[in-house]
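Below: the structure, in structure tokens.
The values are calculated or read from the model by the stated rules, or taken from the named source; none is laboratory data. Worth saying up front: this structure is predicted, and the values here are computed from it rather than measured. Here the Cβ is made from the backbone with ideal geometry for all residues, glycine too, and neighbour counts use every protein chain on show. Side chains are part of the model used for accessible areas, which takes the heavy atoms of the whole protein and leaves out ligands, DNA and RNA. Shrake-Rupley method; radii C 1.70, N 1.55, O 1.52, S 1.80 Å.
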Amino acid sequence: MKIYSLLITISILFVLTGQAQSKHALFLSTGYTYNTSIRINGEEVKDSEGYVLNYGLNYRILQFKTFSTEIGLAGKTIFSSGELRRERFSANTLRLAMPIKFVVPVSKKWSATSGFIFQNNVDISEFDFRLRDKYSWRVDFATEARYTINKYWYLTGGFALNLRDMPDAYFINDPKASFQIGIARHTVILKKNKNKL
Amino acid sequence: MNKYILLLLTGIFLFGCSDFDEDFDTSKEQKTAKEIETELPVINIQVNQSEFDKMYNNEDQEIEIDGFFNLFRNHELLIENEEIEIEIKGGFSSRFELKTLGIKFEDKFDNTDRSLINPERILPHHNIDKIKAIRLRNSGNDFKNTMLKDLSVTQLAINAGLDIDLTYGEPSLVYINDVFYGLLNIRTEGNTNGMSGLYGVKKKDITLAKITTHELIKKDGDFERIDAFVDAINRKDVAYLKDEIDLSSFVDYMVFESYIGNTDWPHNNSRFYAIKDGKFRFVMFDLDKVTWLRINKSPLTIIEDNSSPNVLTDLFFALYDGDENFQQAFWDRYNELLSNGDVSFEKFKPIVDANAETIKADIPLQINKYSAPGTMIEWNIELDKTLTLFKEREVIVKGLIEQ
């Protein structure tokens, strides 16, 4: 079910292609995610790690000279695994993330970004969006380098780390740190033309 | 713009879900009630299967069926073919696949040998020698999670020696016609039957009302007295209320429920009762939603419960705002319990650890049948969360009270 959801989302995103550089960019990144030390019920969880896939849309909201700020909406899929009391486990998890990034150009081809990624951190099993669980959301610090290939495409590489002090149990299926590389494409969100009388 | 909306909707569709898989051996052999290797008491209920299925599939219709109750401890048949009436119980949780069963004995069951229910400890003002009815409880909102939260928090209150009324229990494996039904907690009841048993009085001597999410339900006894009590709450008649309530018990009850951050309370899951002309006392039960949500809220915010007006909140604040002595007694009791460590994490953790160890070997049966919990790692995660959040709650409440 989840893989279908993922494919549908990616399909929708890449249908939204444009012809000129715009405020919008579709991105897809993947990488390695891990916990350095994690304990459940006093027992160490060994090899707590996995792969992460991020996919979504960035939107430039502010431009000040060459600097800009982006906000995004993304899906985050995590395939994690580990070992507790000599029993192996694996998990796949989907989260909704909202990155907010500050983009600084370094050269014609290169730019650097840093910012924060807000995401839900627990499964929403009840129809209750009040997020009353103290740990129902998490925030990662994220930093990234971008290499512009041409006016449509750019490559990304970066690192993200959870900033919230939370119990280890919340990191089993979505580890604290990740390294990721990815690709993004500028897009145009099509608008209806208004007839001028 | 429509594409943005489509994207957002897709995102929400994806919003938060997890699937776990593990190598843990969950194929615990299906054996009969007599054969199964377990530390838990094993209950085998003999019923007409089609009657049971009809009752099971129509949980809202309050269908009662007859049956026979058998209980094994360590393969020894201690209770044999006791005549019982069975009914599906519970509110929201009665829709779960594993449903809570109400068991009413034909005659009061003699539990002096603790064959039916054998809690580690009981409060000095209670007696569980005669039991009219029990619940085989599916852990309510904790079903699929730890399945021991309610039991463990109740044990903490018992060990602390609080002056409150509650339900006793222990975990068990339940079979229907020798087919595994589920891991359920045997519990004494918190209703009129339960209180008459705990105090060794007749059912007709008890006046009892229940506070639920939507209403106050007068269940048994002197309804005029209940009406007069509620009227006094509404007009904030402090003198009348102080005369009608067992204040020491009420303070312990409000302190403990607010300390554990029960979010399915006070607008729900509360009963008050009186024996003959005695004072009203409150019954604590259904502690499945404690130390989970709103753990950083103050005790008064938990009690205030703006989401749903209710007589218990009104009663508390009528006394709290209208009587300095009550207010002082409330905080004094909080300070006493926190400083003597009776309700601390250090006291709670051994209870949870012991209960977890007791049911751990039988969790795979539950996983096989109900995927509840989904895996052992998920069960361990939920246990860890329960303990961690309890520990945090203690620190938060201590900090708030010091302020």
Find the relative contact order for chain B and round it to a whole percent, using C-alpha pairs within less than 8 Å whose residues are 6+ positions apart. 17
Starting from the Cα of residue B:78, step 7 Å along the direction of its Cβ; do the same at residue A:102; then give the gap between the two resulting points in nm. 6.7
If packing is taken as the average count of other Cβ atoms within 10 Å, what order do B:174-181, B:72-79 fall into, highest mean first? B:174-181, B:72-79
Per residue of A:91-99, what is the mean number of Cβ atoms on other protein chains within 10 angstrom of that residue's Cβ? 5
Using 7 Å Cα-to-Cβ label points, what is the residue B:129/residue B:58 separation (nm, one decimal)? 4.2
Taking the alpha-carbon centroid of each part, what is the distance from the stretch B:234-268 to the stretch B:334-367 in angstrom? 25
About its Cα centre, what dipole magnitude does the stretch B:310-389 give when the only charges are +1 on Lys and Arg Cβ and -1 on Asp and Glu Cβ, stated in debye to the nearest 20? 480
For residue B:332 and residue A:165, what does the FRET efficiency come to when R0 = 25 Å and r is the distance between their Cβ atoms, rounded to the nearest 0.05? 0.15
Report, in order of residue number, the helices in chain B meeting two criteria: a C-alpha extent of 20 Å or more along the helix axis, and a mean Kyte-Doolittle hydropathy of at least 0.0; treat each whole DSSP H run as one helix. B:376-402
Signed unit charges on C-beta, dipole axis of chain B, positive-most listed residue B:77, B:162, B:112: B:162
Which whole-angstrom value gives the distance between the alpha carbon centres of the stretch B:82-161 and the stretch B:184-225? 15
Per-residue Cβ counts within 10 Å, from other chains only, averaged over A:35-41: what number is that? 3
For labels at residue B:39 and residue B:301 in the simple 7 Å Cα→Cβ model, what's the distance in nm? 3.8
Which whole number gives the average count of other chain Cβ atoms within 10 Å of the Cβ atoms across peptide A:164-170? 4
Given a 1.4 angstrom probe, what's the average accessible area per residue across the protein assembly as shown, in square angstrom? 46
Residues of the stretch B:58-91 with amide N under 14 Å of the 7 Å Cα→Cβ point at residue B:110: B:79-80
Efficiency of FRET between residue B:230 and residue B:92 - r from beta-carbon atoms, R0 25 angstrom, step 0.05: 0.45
Of all lysine pairs in the stretch B:94-166 that are eight or more residues apart or on different chains, those with Cα atoms under 17 Å apart total 5
If every Lys and Arg gets +1 and every Asp and Glu gets -1 at its Cβ, then about the Cα centre the protein assembly as shown yields a dipole, in debye to the nearest 20, of 4480
For the stretch B:183-313, rounded, prolate or oblate, judged on the Cα gyration tensor with a ≥ b ≥ c (square roots of eigenvalues), a/c < 1.5 rounded, else prolate if a/b > b/c? oblate
Of the candidates B:193, A:34, B:45, the farthest towards the positive dipole end of the protein assembly as shown (Lys/Arg Cβ +1, Asp/Glu Cβ -1, centred on the Cα centre) is A:34
